Amino acid sequence: MKKILAFLSVAFALFQSLAAQTLDEKLPVRGFVIEAPSLQGLERFVKFIDEELAPSKVNLLVLRVDWNYAYTSHPELQDEHPLTRADVEKLVAVCRKNGIRLVPQVNLLGHQSWAKQTHALLRAYPEFDETPSIKTENYSGWPNPDGLYCKSYCPLHPDVHKVVFDIVDEICEVFQSDAFHAGMDEVFYIGEKECPRCNGRDKAELFAGEVRTVRDHLVLKGRQLMIWGDRLLDGRTTGLGEWEASYNGTWRAVDLIPKDVLICDWHYERADLSAVYFAMKGLPVVICGYRNPELSVRQVDDMIRFRAQTTAETAGKLQGYVHTVWSGADHFLRAYYATENVSGRQDGGAAATKAVLKHFRELAE
């Protein structure tokens, strides 16, 4: 009985402490990640920011731009019907009005292709391809004999960063952003035998080297680097597998990258606790959920609990929660505003997003 009473006393004290905190103290970062809207969907997306994200106390918006922008530094690196500077200025204005930190994302290193489609960078510069002998048009689903999920560029190619950094600088300038999200998730091709530069090199050092190279470039202009965290987790030891974590040895890079890189620690099937691992490695981290409403809300509460039950130093690294959406922005908004009859996996993450935004508002009360 004494043990039960002691436990209840501690739990009540923690509850009182949390209840007295402001939302910024409980959860400093409250974010949302989604693909940048199409030209046709831009105005509706601006409305969504103004009428849904802002009232729900979201203070970080990461937009996956990739090649959906009319780059002037490299006009060859844009998809059809891209956003223009004038379009992006509308996004910048609505975010500034609502105190939302707006951050662009362009996938670096990995995710240079998807299924049978090679994306703009390797289409325009095939010499950057880490595995040129493997053709995306032969993709036959996963798994396949080539181990092809998404292409990577070679991080040691002498010309790759000249192009990549032109893109990074331009998109950050247009977005008026103090940070850049480089993706760098699900990198399966790195240090491949067929690459004359990477063959035989340590995959963790290659991955960490690319993180450092991008980070050091951003720091020159006062910008922060954000990346997904999966390649920094040991998939076998943790049991997280080869998607949410690494099977190819890149996980050791967690000890080799700069300590100011923000890690976006995504887990979509369970509320895994790896954010604490990153924080104890000295890295700032946010937990990221997706399409499961109950699980996503639990992940928000986990972050609040982690911050409340650790030292000030570690709590400072545990920075918040960022909700992710992996459908196109236009499809997501149709589902969110219920103009499309979708549910479950096909709802574009709308139900989970509504649950998280509602929880943010409740935490602010």
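The values are calculated or read from the model by the stated rules, or taken from the named source; none is laboratory data. Remember, it's a predicted structure, so these values are computed and weren't measured experimentally. Every residue, glycine as well, gets a Cβ built from its backbone with ideal geometry; the counts of neighbours run over all protein chains shown.
Brief remarks follow.
- Taken over region 242-262, the criterion of being in a loop (DSSP other than H, G, I, E, B), without any contact (Cβ under 8 Å) to a residue 40 or more places away in the chain and surrounded by 15 or more Cβ atoms within 10 Å (Cβ to Cβ) is satisfied by 245 alone.
- In region 80-93 there is at least one residue matching the filter, namely being at pLDDT 95 or above, part of a strand (DSSP E or B), of a type outside the set (Lys, Arg) and more than 19 Å from the chain's Cα centre (by Cα).
- Residue list for region 208-217, restricted to those being hydrophobic (A, V, I, L, M, F, W, C) and either within 13 Å of residue 278 (Cβ to Cβ) or surrounded by fewer than 23 Cβ atoms within 10 Å (Cβ to Cβ) (or both): 208
- Single residue of region 155-207 satisfying the filter (without any contact (Cβ under 8 Å) to a residue 40 or more places away in the chain and in contact with a Phe, Trp or Tyr (Cβ under 8 Å, 6 or more places away or on another chain)) that is surrounded by the fewest Cβ atoms within 10 Å (Cβ to Cβ): 159
- Looking only at region 29-52, and only at residues there that are without any contact (Cβ under 8 Å) to a residue 60 or more places away in the chain and crowded, with 17+ Cβ neighbours inside 10 Å, the one that is farthest from residue 88 (Cα to Cα): 49
- Residue list for region 170-217, restricted to those being among the small types (Gly, Ala, Ser), under 25 Å from residue 132 (Cβ atoms) and part of a loop (DSSP other than H, G, I, E, B): 191, 200
- The residue that is farthest from residue 184 (Cα to Cα), counting only those in region 86-120 that are in contact with a strand residue (DSSP E or B) (Cβ under 7 Å, 6 or more places away or on another chain) and surrounded by fewer than 19 Cβ atoms within 10 Å (Cβ to Cβ), is 92.
- Output for region 263-277, where each listed residue is closer than 20 Å to residue 181 by Cβ and either part of a loop (DSSP other than H, G, I, E, B) or under 15 Å from the mean Cα position of the chain (by Cα) (or both): 263, 264, 265, 266, 267, 268, 275
- Put simply, of 230, 302, 272 the only residue that is in contact (Cβ under 8 Å) with a residue 24 or more places away in the chain, surrounded by 23 or more Cβ atoms within 10 Å (Cβ to Cβ) and not hydrophobic (A, V, I, L, M, F, W, C) is 230.
- The one condition in (1) surrounded by 18 or more Cβ atoms within 10 Å (Cβ to Cβ); (2) over 17 Å from residue 197 (Cβ atoms) that residue 123 fails to fulfil: (1)
- Of residues in region 26-57 being outside any helix (DSSP H, G or I) and among the β-branched types (Val, Ile, Thr), the one farthest from the chain's Cα centre (by Cα): 29
- Scanning region 130-148 for residues that are of a type in the set (S, T, N, Q) and not in a loop (DSSP other than H, G, I, E, B) returns 136, 138.
- Here is the figure for region 224-234: residues that are over 16 Å from the mean Cα position of the chain (by Cα) and part of a loop (DSSP other than H, G, I, E, B) total 0.
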